[in-house]
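Chemist: One structure, pasted below without further comment.
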Amino acid sequence: MSSTFWGLIKLCRPKQWIKNLFVLAPLLFAGLFTDFNSIISAFTAMLLFCIASSATYILNDLKDIEKDRLHPKKSKTRPLASGAVIPKQAKILMFAFYIFLAISSFFFPLILAVIVSYLLLNFLYSHYLKHQPVLDIFTIAIGFVLRVYAGAVAINVPVSSWMFITTLCLALYLASIKRRQELTAHGVTSRKSLESYSLYLLNRYAEMSAIGALLFYSIFVMSERPKLVITIPLVIFGMFRYWYITDIHNEGESPTDAILSDKQLLITGSLWIITCIYGLLLAK
C-alpha cells in the first residue's frame with residue numbers, strides 16, 4: 001500500500017512542477033507581488049497548472065508504457081513501467097484530476113480556458129506531435145507560453161509581447177538541449193522524432209534560441225523595466241552555466257533535474273528573483 005501511494009505521487013512528477021513557476025512571471029513583472037489578492041490568484045493558477053501538468057504526465061506514461069518498459073532508465077524510474085503502479089490506478093488518478101479541474105472551471109473560468117488549451121495541446125502531443133520533428137520542440141515551448149498567459153489572466157494584466165517571445169525562445173532552448181541530450185545518450189531508439197534530428201541541427205536550434213531569449217529579454221527589460229538591467233548578467237551566467245552542465249556533465253535530458261541538482265544555477269535563480277523584486281520595488 002505504501003509503495004503504491006509513493007508510486008502514485010511519483011507518477012504526478014512533483015519535481016516537474018518547478019516549470020509552473022512560469023505562471024508567476026506576470027505577477028513578478030507587473031509589480032503586484034505585494035498585493036495579497038494578486039498573490040492568491042497567481043498561486044491558484046499555478047496550483048491548477050500543477051494538477052493539469054500531472055494529469056498530462058500520467059496520460060503520457062499510459063501512452064508510452066510499453067516503450068518505457070524497454071528503456072534502460074525509464075523502466076526503473078517510471079512507476080507504470082516499473083510496475084509500482086498499475087494502469088487502472090493511474091487512470092483513476094488522472095480522471096480525478098480532470099474532474100477537479102472541471103469543477104474549478106465554475107470558479108476560475110478564464111484560467112481554466114487556458115488550461116484546457118494546454119491539455120488539448122498535450123493530448124495532441126502525446127498522440128501525434130511528439131513524433132513530428134520541430135513540431136515536438138515547439139509544442140513543449142508553447143506549453144510554457146500558456147503558463148505565462150495563465151498567470152496574466154489570473155491577475156488580470158496584459159502581458160508584454162517581449163515577455164511572450166522571451167518565454168518562447170527560452171523554452172525552445174531548453175527543449176532543443178533536451179532533445180540533443182536524448183539523442184546523445186540513447187540514439188534514435190528512445191524517441192521516433194530523433195530519427196529526423198542530428199546533433200549539429202539541435203545545437204543550431206539551441207544556439208539560435210538562446211541568443212533570441214537573451215536578446216528579447218534584454219530589450220524587454222531595457223524598454224519596459226529599466227531598473228532590472230542589472231539582472232541581465234545573471235541571465236547570461238545562468239544560460240552559460242546550464243550549457244556547461246549539459247555539455248560537460250551530460251545533464252539536460254531532464255531540465256528540471258539539471259537545474260535542481262546544480263547549486264550555482266539555484267543560487268543564480270534565487271539572486272535573479274531577489275534582484276527583480278528589489279528593482280521593481282525601487283521603481284514604485
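The values are calculated or read from the model by the stated rules, or taken from the named source; none is laboratory data. Computed from a prediction, not measured in an experiment: that's the story for all the values here. Quick reminder, even Gly has a Cβ in these numbers, built from the backbone with ideal geometry, and neighbours come from all protein chains shown.
Chemist: Test T34 against the criterion of being in a loop (DSSP other than H, G, I, E, B) and under 24 Å from S270 (Cα atoms), and give yes or no.
Modeler: Working: in a loop (DSSP other than H, G, I, E, B): yes; under 24 Å from S270 (Cα atoms): yes.
Yes, satisfied.
Chemist: Okay, next question. Could you please tell me which pairs satisfy a Cβ distance under 8 Å, a separation of 6+ or placement on different chains, a first residue in the range 224-249 that is in the same structural domain as L170 (by TED's automatic domain parsing) and in a loop (DSSP other than H, G, I, E, B), and a second residue that is loosely packed, with under 15 Cβ neighbours inside 10 Å and modelled with pLDDT under 95?
Modeler: Sorted first by the residue in the range 224-249, then by its partner, the pairs are R225/A283.
Chemist: Looking at L27, L11, which one is surrounded by 14 or more Cβ atoms within 10 Å (Cβ to Cβ), touching a residue at least 60 places away in the same chain (Cβ under 8 Å) and under 23 Å from S105 (Cβ atoms)? Can you show your working first?
Modeler: Values: L11 fails: under 23 Å from S105 (Cβ atoms).
The unique qualifying residue is L27.
Chemist: Determine the pairs where a residue that is under 19 Å from L59 (Cα atoms), located within the range 126-138, has a partner that is surrounded by 15 or more Cβ atoms within 10 Å (Cβ to Cβ) and polar (S, T, N, Q) with Cβ atoms under 7 Å apart, the partner being 6 or more residues away or on another chain.
Modeler: That search, which allows pairs on different chains as well, returns S126/N60; L129/T139; K130/S193; H131/S193; Q132/S193; D136/S193; I137/S176.
Chemist: Residue by residue through the range 78-89, note down the ones that are exposed (fewer than 15 other Cβ atoms within 10 Å of the Cβ) and either in a loop (DSSP other than H, G, I, E, B) or in contact (Cβ under 8 Å) with a residue 12 or more places away in the chain (or both). Let's see the steps before the verdict.
Modeler: Step one: list which residues in the range 78-89 are exposed (fewer than 15 other Cβ atoms within 10 Å of the Cβ), which gives 83, 86-88.
Matches in the range 78-89: G83, I86, P87.
Chemist: Outside the structural domain of M239 (by TED's automatic domain parsing), surrounded by fewer than 23 Cβ atoms within 10 Å (Cβ to Cβ) and in contact with a Ser or Thr (Cβ under 6 Å, 6 or more places away or on another chain): does that describe P133? Lay out the reasoning, then the answer.
Modeler: On the way: outside the structural domain of M239 (by TED's automatic domain parsing): yes; surrounded by fewer than 23 Cβ atoms within 10 Å (Cβ to Cβ): yes; in contact with a Ser or Thr (Cβ under 6 Å, 6 or more places away or on another chain): yes.
Yes.
Chemist: Further, regarding this structure: The conditions are (1) within 30 Å of P109 (Cα to Cα); (2) buried (at least 21 other Cβ atoms within 10 Å of the Cβ); (3) of a type in the set (F, W, Y), and F164 fails exactly one of them. Which is it?
Modeler: Here F164 clears every test but (2).
Chemist: Which one of I58, I18 is farther than 18 Å from V157 by Cα, among the β-branched types (V, I, T) and either modelled with pLDDT under 85 or in contact with a Ser or Thr (Cβ under 6 Å, 6 or more places away or on another chain) (or both)? Walk me through how you get there before you give the answer.
Modeler: Details: I58 fails: either modelled with pLDDT under 85 or in contact with a Ser or Thr (Cβ under 6 Å, 6 or more places away or on another chain) (or both).
The conditions single out I18.
Rundown of residues vs (1) in the same structural domain as F95 (by TED's automatic domain parsing); (2) surrounded by fewer than 22 Cβ atoms within 10 Å (Cβ to Cβ); (3) more than 19 Å from the chain's Cα centre (by Cα), yes/no style:
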| residue | (1), (2), (3) |
| --- | --- |
| N37 | yes, yes, yes |
| I40 | yes, yes, yes |
| T44 | yes, yes, no |
| L48 | yes, no, no |
| Y57 | yes, yes, no |
| D61 | yes, no, no |
| E66 | yes, yes, yes |
